[in-house]
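What follows is a short report on a single structure.
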């Protein structure tokens with residue numbers, strides 16, 4: 001499918017900024033392992049990255065529901081869109 | 001605390017290799033957002049990153065239990081070590 | 001709020017049937033503890049109950065989105081409904 | 001395997017008391033569905049049950065690590081016990 005979404009420039013910048021911070025945190029974990037840092041400290045950092053990633057995901061999920069899913073519902077094609085939303089919900093919440 | 005852990009070189013290399021891949025995936029998400037890619041596709045990628053991060057975490061958790069926790073138990077100081085393990089496990093499993 | 005939902009009789013019966021099974025499984029855990037059964041076996045059972053509960057939750061979430069949320073969107077009051085959906089989804093996915 | 005665990009009477013009573021409360025909450029969900037209660041309210045309740053179940057699970061996990069796993073480590077048979085702990089950890093944290 002060549003579906004795509006038009007996000008406003010401001011939202012995009014903000015999301016990318018947060019993902020750059022997450023990218024830096026992932027690099028930080030590499031350094032912690034390189035430096036033989038204490039496992040528990042690394043695990044705390046990994047939990048923080050996962051939580052930050054989930055937050056980005058929740059925002060995309062909300063944005064997606066507000067725009068793509070809502071548009072599909074308004075134009076009478078909600079069923080497929082809701083089924084897809086639920087599938088990604090489940091996958092995301094298990095990750 | 002200045003606790004630290006001595007991991008064998010091979011394990012370290014493998015973990016760092018996987019974290020580099022995750023770092024690349026986080027950069028990939030930035031590009032997907034930049035390119036207005038479909039939300040659901042991005043969310044599937046985010047779920048994949050979280051799953052990969054959890055896998056790294058579980059390995060560190062196992063390594064930590066096999067070495068630090070086991071050593072603490074053997075030398076009669078298991079209580080504190082187990083309490084710490086449980087705390088980080090809870091935090092990790094909620095993330 | 002005195003919101004309520006009209007589910008069809010068939011769906012209700014099915015959900016209640018599954019919840020009765022879960023109720024029985026929770027009673028089973030009590031017996032396992034009473035009988036000093038092996039912790040790991042109990043934990044496997046608890047994981048099964050949580051997974052079954054989540055499945056019931058996901059079905060309610062889908063049903064809710066298909067009806068309440070879709071209706072709210074169609075009648076131009078989607079924003080509040082979607083915000084509520086996201087909040088409960090976050091709470092649910094962390095549980 | 002006929003492994004078993006000896007829990008002290010007090011701990012057992014407490015755990016069973018909490019499981020009885022969870023059992024009552026699962027019955028409460030059935031009534032909420034019977035009465036066509038609002039989906040979101042039911043989902044909030046389901047999240048509460050899952051969180052309560054997880055709490056019971058975490059306590060069993062801690063108890064198991066403090067006793068069975070620690071004993072196995074002390075008697076030089078830690079490897080199998082830790083592998084089993086990690087497996088149940090993963091299953092539990094995904095549920």
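The values are calculated or read from the model by the stated rules, or taken from the named source; none is laboratory data. Predicted model only: the values in this text are computed from it and were never measured. FYI the Cβ positions are ideal-geometry reconstructions off the backbone, even for glycines, and counts take in every protein chain you see.
Taking region B:59-74 as the region of interest, how many residues are closer than 21 Å to residue A:36 by Cα and surrounded by fewer than 21 Cβ atoms within 10 Å (Cβ to Cβ)?
Total satisfying the criteria: 8.
Checking the conditions here, which among A:26, A:56 is at the interface with chain B (Cβ under 7 Å from one of its Cβ atoms), buried (at least 16 other Cβ atoms within 10 Å of the Cβ), within 15 Å of residue B:42 (Cα to Cα) and at pLDDT 95 or above?
A:56
Tell me which residues, restricted to region B:65-86, are at the interface with chain A (Cβ under 10 Å from one of its Cβ atoms) and either closer than 15 Å to residue D:84 by Cα or over 15 Å from the mean Cα position of the chain (by Cα) (or both).
B:65, B:67, B:68, B:69, B:81, B:84
Of everything in region B:30-52, what is out of contact with any strand residue (DSSP E or B) (no Cβ under 9 Å at 6 or more places or on another chain) and over 18 Å from residue A:90 (Cα atoms)? Give them in sequence order.
B:30, B:32, B:33, B:34
From (1) more than 7 Å from chain B (Cβ to nearest Cβ); (2) surrounded by 15 or more Cβ atoms within 10 Å (Cβ to Cβ); (3) closer than 25 Å to residue B:23 by Cβ, pick out the condition that doesn't hold for residue A:35.
Going through (1) more than 7 Å from chain B (Cβ to nearest Cβ); (2) surrounded by 15 or more Cβ atoms within 10 Å (Cβ to Cβ); (3) closer than 25 Å to residue B:23 by Cβ one by one, residue A:35 breaks only (2).
Please find, within region B:38-50, the residue that is nearest to residue A:50 (Cα to Cα) out of those that are within 7 Å of another protein chain (Cβ to nearest Cβ) and more than 15 Å from the chain's Cα centre (by Cα).
B:46
Considering each of B:77, B:20, B:12 in turn, give the residue that is surrounded by fewer than 17 Cβ atoms within 10 Å (Cβ to Cβ) and at pLDDT 95 or above.
B:20
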